[in-house]
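So the structure is just underneath, and the comments pick up after that.
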Amino acid sequence: MMLSVGMTLPAPAAAQAIERDANRTAVRPVPVAPLEQWLAMEEVLVGDEPIVVHLRIGYERPIVFPEPVSVQSRAPLPFTDVTLDAELVVFAPGGQLRGERLVFIGRNSAHRYELDVSASRYGSRVPIRLVRP
């Protein structure tokens, strides 16, 4: 007994149509939403009270100040990297923190920005933008 397997190949016209369709979709640019639409920032109004910042362990969380700042006083933040670049401060906690106080001074206005920083596995990763009234 002989078993034969039949195989049909697409006709050249059909193959060309498939290739043409693939090329057509590959050439089209993919629409990308602007950064502002998919990167949400939590806006926090700056007042006289300390700003509470709850970080998530293992993730960076940037804070954008309304002006360039410098550090006036800083509590030791164990297991946490802090990067300061003009008006941007980025926290990267590697361990748990409980209510550590940091004070930044605005270079233009001399405004005092006090932060109470904590970190846990339940903290937020959403960037913060500080807004002055």
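Going from the residue with the fewest nearby Cβ atoms within 10 Å to the one with the most, Arg74, Arg125 rank Arg125, Arg74. Output the antiparallel fraction of DSSP beta bridges having both residues in segment 42-131, as a percent to the nearest 5. Of the beta bridges lying entirely in segment 42-131, close to 65 percent run antiparallel.
PRE reach from Glu42 (point 7 Å along Cα→Cβ): which of segment 102-121 fall under 17 Å by backbone N? From segment 102-121, the list is 102, 114-121. Amide H contacts for Ala119 (H built 1.01 Å from N in the peptide plane; partners 5 or more residues away or on another chain; cut-off under 5 Å): Leu55, Leu97, Arg98, Gly99.
Computed from the coordinates by the stated procedures, all read-outs in this text should not be read as laboratory data. Please read all numbers here as calculations on a predicted model, not as lab measurements. As a convention, Cβ positions derive from the backbone with ideal geometry for all residues, glycine included, and neighbour counts pool all protein chains shown.
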